[in-house]
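What follows is one structure encoded as structure tokens, with my remarks underneath.
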Amino acid sequence: MTLPPKYPLQTLMATEAKAVAELNKILTMSLSRLDQDIKALGKTGLNPLTLMQAKATRAALESFLAETFDDVESVIRVGVKNAAAAASGVVSAYEAQMLGMVMSPEAVANLAKSEAQRAAQGIEAAMQRVSGNSYQPLSSSVYKTQQLTLKWVDKRITQGLASGWSASKLAGELKGMIDPSVKGGVSYAAMRTARTEINNAYPAASWDRYQR
């Protein structure tokens, strides 16, 4: 018996809803981690631009999580756009401080734009991985079995993408999940995974944006 056309559509919608729900869960974890990082950065007295970047990413995630999505299309069309606007707003709030650092108004405007894009692209990259567009199976010969079974590695990678972590930061987060006896050493395996995931996710997000 041939199923009515509505069944495949319902299955697709359920799959998309599951991906969006998983993304929201991971972004909530990312938001909590960013709160910790921002608190720590505020105590260190580092370059204010580093703190501003963390706050811009946080604003993007918070904006995204405040939305309600039913499918992947609305995630990209509405959520990512609003997230970029939120990040840009944070950068603009630092305008006076940046101008005091001998940055021209044009440079400040360009920074606001680039930070908005960076924060939004992080969310897009995380979405691409959760939806399977850039997902790469993780090897049991590299990672500890328990970490893979409980999907701790997957969640940490997606969290890193959403938070805009560098390859070195993501690698540092993964080291404790890697089997110490892995060929080439833990550091090499962690950095290889980090670079592969970042290189796969961001081009996937760019291609998806181009198609739209």
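What follows is calculated from the coordinates using simple rules that are stated; it is not laboratory data. Source: prediction; values computed, not measured. Neighbour counts run over all protein chains shown; Cβ positions are idealised from the backbone, glycine included.
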In whole Hz, what ³J(HN,Hα) sequence does region 174-186 give by Karplus (6.51, -1.76, 1.60; θ = phi - 60°), x for Gly and Pro?
8, 3, x, 9, 9, 5, x, 8, 4, 5, x, x, 5
For the pair residue 182 and residue 95, how long in nm is the line joining their label points, each one 7 Å along Cα→Cβ?
4.6
Label residue 199 and residue 49 with points 7 Å out from Cα along Cα→Cβ: what is the distance between them in nm?
2.7
Whose amide H sits under 5 Å from the amide H of residue 143, counting only residues 5 or more places off or on another chain, with H placed in the peptide plane?
179
Pairs over 19 Å Cα to Cα, from 151/175; 55/81; 55/113; 55/175; 18/81; 18/144, come to 55/175; 18/81; 18/144
